[in-house]
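The values are calculated or read from the model by the stated rules, or taken from the named source; none is laboratory data. It should be emphasised that the depicted structure is a prediction, and the values quoted were computed from it without experimental measurement. Cβ: placed from backbone, ideal geometry, glycine included. Neighbour counts: every protein chain shown.
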Amino acid sequence: MCGIAIIAFFVFVAIFAPLLAPFPAEGAGLPNPPNKFLPPSFVHPFGTDYLGRDVLSRVILGSQISLSVAVTVIVLAIIIGTPLGAIAGYFGGKVDDVIMRVTDVFLSFPSLLLAIILLATLGPGLTNAMISLSLTWWPWYTRIMRAQTVSLRERTYVEASKVIGVSDFWILIRHILPNAITPILVQGTMDLSSAILAEAALSFIGLGAQAPSPEWGLMVSTGRIYILNYWWFPTFPGLAIFAIAVAFNLFGDGLREILDPKTRRFVEG
Amino acid sequence: MTGPQELLDVLNLKLLFRTVEGTLQALENVELHIRRGEILGLVGETGSGKSVTALSILKMIPENGRIVEGKVLLQGQDLLAQNEEELRKIRGARVSIVFQDPSSSLNPVYTIRSQMRDMLTSHQVEVADVESRVIELLRQVGFQNPTRILDSYPHELSGGMQQRIALAIALSCSPELLIADEPTTALDVVTQAQILALLKRIRDATGASILLISHNLGVIAMACDRVAVMYAGSIVEVGPTVKVFRNPAHHYTRGLLNALPRMAQKGSELPVIYGSIPSLINPPSGCRFHPRCPFATEICSRERPKLEPCRPDQLVACYHPAGESQ
Amino acid sequence: MTELLEVINLTKHFALRSGVFRRVGTVKAVDGVSFSIPPKKTFGLAGETGCGKTTLAKCILRIIQPTGGEVKVEGKNIFTLRGKELKNARRNVQAIFQNPLMSLDPRMTAANIIAEPLKTHHVIPKSKMYDKIIELMRTVGLDEEQSLKYPHELSGGQNQRVAIARALSLNPKLILLDEPTSSLDVSVQAQILNLLTEIQRKSGLGYLFISHDLSVLRYFSDFLAIMYLGRIVELGPSDIVFKNPSHPYTQLLLSAIPDLSVSITSSEIKVSALAEVLESPPENGCKFYPRCPVRMEKCKTTDPTLFQVESGHHAACLLFDNRPSLFYSAPKA
């Protein structure tokens, strides 16, 4: 429940970022040299950075990036991974073998390393970072979907549909997918939190967002060396990353509890 | 009250469940008397409360349930008033229970031998005697070659065999009362007949009483001396099985027996009880069967009828019990 | 007159494998089953767990492929059909399963469940769809307001009615019912059986009724086949089979079901005599040999086919081996 509140807050901020940021231009990157390194004050609650830009505005605008990147990455991963898992699970045999071997290959790499390799090939940048992350993430959803499909395809209502004459395609879309989607959604929301962290990590090492983007990971990275003297400008973006990651985690937990029928009441004579 | 004949008396048992949709009145004024050495059947459909009655006897009801009234007297001792420690001594030793699914009462990773030994040692039987007692128990439940069975794992045995082992475990401490909750529902017809014959043999050999719970009237007919019929949380009729089934006094029992296709002619319509089983969250007032009963009058909807004697051996909870005819 | 359904020497073997490659044996789930169903009649199939009736049902419904044999619906072998022809043929044979809650998609409303066959075969234009659904629901005794309910919001009996409405939507000629009332209360069972009888009377369709409950089969079916370990061991008009059970297995089954006016009697002795079966059936002999109270020497070496006990009534027992035998049967109405 908490999670939803925090997320809602962040989403709101992200949507209305340009309106909320007190210094939108600086938020986007416009330098303001005379204001360098101002500590937190009433005018600049989060202080200013090494180029004099208002950190609060930067953080607010950065929320747009973090959220949209996280959502895009996970949605893409789900779109790629789920159908593959459903096909593998439903048809079995050679199709299953081929798909799962490919999945295994991807999964055998440490994910961030794989993302870095892909990015190195594609070249740094936010869009490429999103693509690489999606490409490292899809196998997890294939695995989940395949397991779900294998157990669902034996269900009586699937047999009933075959007897009616429903084609395999429609059985997958109408019966298997809706009943298998819950674990995927739960995993997806929990992964949102990891996606934010992964993307921040990539930007931190310089392969993701590039200056002057107000991306949080990038801000932490550039601010690192100033942590002792001008602590505010790596710290606040860092806190933002932390807060949103926790929020998505709580949300995922809550979602799982609501969707799990075992936590519901019942009794029969 | 508990006479010399009675082993277990359930008096005035009232059980409520807390649910999302409201308070479920699962058991209302349940009264049951089990005599020594008898096999009493408890029959009812979904929502009748028969399984929950069995669990209440052993005070094994789920978290959200509460017994708000009533006593369960085992030879005068009120089980509901005992604490957990006392109850643990009674469960398994004086009152035992066997459930519908044998594979869930047997642990799949232990051999039969170790599971039976566990049962015996937890109730302080001498270790030296354990092996011979185990073999004796297995013979008692019909295994001609017990040593073969001892080293097996549950999944290597058929459903009927698993259920017999579950019975052996339940009997290991010579309980005075064995509760069998739908013990044959998951079994084939032939195996079912074997298990029911076995229950009778056990009763004859040990003198234990058996409370046999089932929704299947045929099972009750085959194995029980007396039967208690439950509907929507109360007992509506009690009596010797043959008499109750030949000449039921309560209209629900009558309806149930008529709905069976046993003697009906092919193509003819089976008589059906009007209406459906009521919700127990908002049960009907007075007699819970009255909305479905063709003989209901005003008092039936006002006040719940109590179990009263009607024919020489039968008790019925009805203001207008069916006549002696038919 | 063409039989509605003809099953000819149907076989389904499952391979038992140890590890990935080694084939260590075969389970003959269905081992040469033949029978036929005339139109508008009810054919009952009885047997205990493991007799093969469920596998047989799945073969007839083409959910699994048989190893051998034919199944003809109105004269056409359904295993030779492909693609669009197969899809069309499915309209003739529909099914109702044992557990109504599991045979309905928990995420679909009753209306959508009933509509699925109609949509799949494009039978009705969209505009008329809703009316057709309501009409079907009325036929099975459901109200319009239940069309928006989900399976978990309906009772077992109501769910089974939804399943029946779904099965009727394509106007099939034959409905295969696999233990349709076994998981329902007695009073609900009576309602559903009445409904099925009425539907058969009005639309003249045939039923293949699979059940382990002989008293229901006695009431409901015109013909009866008893299955044991993948074979039919007795076959004939159901009242004749009940009056004169000829195969020892049929006699055993009948002795195990109660007559509700008495407690268990002589049947007790017969049943407990077969308490533990440790032998496996002989390679070339009768499968029932280990449990048969009247077995003979020749039963160890000869596998009986269906012999005629009387006209239209057959049993696979060597007690009758001096009678004419049947290769596949068409019970005479």
(message) Being over 26 Å from the mean Cα position of the chain (by Cα) and modelled with pLDDT of 80 or more narrows it down to one residue among A:Ile196, A:Ile171, A:Ile181; which is it?
(response) A:Ile171
(request) Take the range A:129-166 and flag every residue that is under 34 Å from the mean Cα position of the chain (by Cα), within 14 Å of chain C (Cβ to nearest Cβ) and either surrounded by fewer than 20 Cβ atoms within 10 Å (Cβ to Cβ) or under 12 Å from A:Ala180 (Cα atoms) (or both). (result) A:Gln148, A:Ser151, A:Leu152, A:Arg153, A:Glu154, A:Arg155
(request) Scan the range B:285-311 residue by residue and report those that are within 30 Å of C:Ile192 (Cβ to Cβ), in contact (Cβ under 8 Å) with a residue 40 or more places away in the chain and away from chain C (no Cβ under 14 Å). (result) B:Arg288, B:Pro294, B:Phe295
(request) From (1) in contact (Cβ under 8 Å) with a residue 60 or more places away in the chain; (2) surrounded by fewer than 15 Cβ atoms within 10 Å (Cβ to Cβ), pick out the condition that doesn't hold for B:Val98. (result) (2)
(request) Only residues that are among the charged types (D, E, K, R), surrounded by 15 or more Cβ atoms within 10 Å (Cβ to Cβ) and part of a loop (DSSP other than H, G, I, E, B): list them for the range C:60-82, please. (result) C:Arg62, C:Glu74
(message) I need the full set of residues from the range B:36-90 which are on the phi > 0 side of the Ramachandran plot and exposed (fewer than 15 other Cβ atoms within 10 Å of the Cβ), in order please.
(response) B:Gln75, B:Gly76
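Per-residue answers, yes or no, for (1) farther than 20 Å from B:Asp313 by Cβ; (2) within 13 Å of chain C (Cβ to nearest Cβ); (3) surrounded by 24 or more Cβ atoms within 10 Å (Cβ to Cβ):
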| residue | (1), (2), (3) |
| --- | --- |
| B:Ser172 | yes, no, yes |
| B:Glu176 | yes, no, no |
| B:Thr185 | yes, yes, no |
| B:Asn216 | yes, yes, no |
| B:Ala228 | no, no, yes |
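Among the candidates B:Phe245, B:Phe295, single out the residue that is in a loop (DSSP other than H, G, I, E, B) and more than 18 Å from B:Val30 (Cβ to Cβ). Walk me through how you get there before you give the answer.
On the way: B:Phe245 fails: in a loop (DSSP other than H, G, I, E, B).
Checking each option against the conditions leaves just B:Phe295.
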(message) Quick test of your reading of the structure: B:Arg288 fulfils all but one of (1) in a helix (DSSP H, G or I); (2) crowded, with 18+ Cβ neighbours inside 10 Å; (3) more than 20 Å from the chain's Cα centre (by Cα). Name the failing condition by number.
(response) (1)
(message) Which count do you get for residues in the range B:137-180 that are acidic (Asp, Glu) and touching a Phe, Trp or Tyr at 6+ places or on another chain (Cβ under 6 Å)?
(response) 0
(request) Evaluate the range C:40-56: report whether one residue or more is within 11 Å of chain A (Cβ to nearest Cβ) and not in a helix (DSSP H, G or I). (result) no
(message) Would you confirm whether or not the range B:261-274 contains a residue that is within 20 Å of B:Thr46 (Cα to Cα), in contact with a His (Cβ under 6 Å, 6 or more places away or on another chain) and at pLDDT 85 or above?
(response) no
(message) Show me the helices (runs of 4 or more DSSP H) entirely contained within the range B:7-109 in which 1 or more residues are among the hydroxyl-bearing types (Ser, Thr, Tyr) and modelled with pLDDT of 90 or more.
(response) B:50-57
(message) Taking the conditions exactly as written (under 16 Å from C:Ala165 (Cα atoms), among the hydroxyl-bearing types (Ser, Thr, Tyr) and either within 18 Å of the chain's Cα centre (by Cα) or facing another protein chain (nearest Cβ under 7 Å) (or both)), does C:Thr120 satisfy them or not?
(response) yes
(request) Enumerate the pairs (first residue in the range C:128-154 and crowded, with 18+ Cβ neighbours inside 10 Å; second residue anywhere and of a type in the set (Gly, Ala, Ser)) with beta-carbon separation below 6 Å, excluding pairs fewer than 6 apart on the same chain, so at least 6 apart or on different chains. (result) C:Ile133/C:Ala111; C:Ile133/C:Ala115; C:Leu136/C:Ala165; C:Leu136/C:Ser169; C:Met137/C:Ala165; C:Val140/C:Ala165; C:Ser147/C:Ala110; C:Ser147/C:Ala111
(message) Among the residues that make up the range B:40-63, is at least one of them within 14 Å of chain C (Cβ to nearest Cβ) and hydrophobic (A, V, I, L, M, F, W, C)?
(response) yes
(message) If I filter the range C:196-237 down to residues being part of a helix (DSSP H, G or I), in contact (Cβ under 8 Å) with a residue 12 or more places away in the chain and more than 10 Å from chain B (Cβ to nearest Cβ), which single residue comes out as surrounded by the fewest Cβ atoms within 10 Å (Cβ to Cβ)?
(response) C:Ser203
(request) Scan the range C:290-324 residue by residue and report those that are assigned to a strand (DSSP E or B), over 18 Å from C:Val7 (Cβ atoms) and of a type outside the set (A, V, I, L, M). (result) C:Phe307, C:Gln308, C:Glu310, C:His313
(request) For A:Ile117, indicate whether it is under 22 Å from the mean Cα position of the chain (by Cα) and in contact (Cβ under 8 Å) with a residue 24 or more places away in the chain. (result) no
(request) Scan the range C:102-115 for residues that are facing chain A (nearest Cβ under 9 Å) and under 19 Å from C:Pro180 (Cβ atoms) and jot them down. (result) C:Met102, C:Ser103, C:Leu104, C:Asp105, C:Ile113
(request) Tell me, please, whether a residue that is under 17 Å from B:Cys287 (Cβ atoms) and within 14 Å of chain C (Cβ to nearest Cβ) can be found in the range B:16-39. (result) no
(request) Answer yes or no: is there a residue in the range C:83-97 that is in contact with a Ser or Thr (Cβ under 7 Å, 6 or more places away or on another chain), buried (at least 18 other Cβ atoms within 10 Å of the Cβ), within 9 Å of chain A (Cβ to nearest Cβ) and at pLDDT 90 or above. (result) yes
(request) Could you identify the single residue in C:Ala110, C:Ala29 that is closer than 18 Å to C:Ile210 by Cα and of a type in the set (Gly, Ala, Ser)? (result) C:Ala29
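Among the residues of the range A:183-203, is there at least one that is outside any helix (DSSP H, G or I) and among the hydroxyl-bearing types (Ser, Thr, Tyr)? Explain how you work it out, then say what you get.
At the first step, the residues of the range A:183-203 found to be outside any helix (DSSP H, G or I) are none.
The answer is no; no qualifying residue exists.
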(request) Kindly list, by first and then second residue, each pair from a residue in the range A:144-160 that is without any contact (Cβ under 8 Å) to a residue 60 or more places away in the chain to a residue that is hydrophobic (A, V, I, L, M, F, W, C) and part of a loop (DSSP other than H, G, I, E, B), limited to pairs with Cβ atoms under 6 Å and residues at least 6 apart or on different chains. (result) A:Thr156/C:Phe97; A:Tyr157/C:Leu104; A:Glu159/C:Ile63
(message) If I filter the range C:235-250 for residues that are over 22 Å from C:Asp31 (Cβ atoms), at pLDDT below 95 and among the aliphatic types (A, V, I, L, M), do I get at least one hit?
(response) yes
(message) Among the residues in the range B:147-164, are any within 11 Å of chain C (Cβ to nearest Cβ) and basic (Lys, Arg)?
(response) yes
(request) Inspect all residues belonging to the range A:98-116 and state whether any of them is within 14 Å of chain C (Cβ to nearest Cβ) and over 15 Å from A:Leu202 (Cβ atoms). (result) no
(request) Could you run through the range B:257-282 and say how many residues are touching a residue at least 40 places away in the same chain (Cβ under 8 Å) and either surrounded by 16 or more Cβ atoms within 10 Å (Cβ to Cβ) or not aliphatic (A, V, I, L, M) (or both)? (result) 6
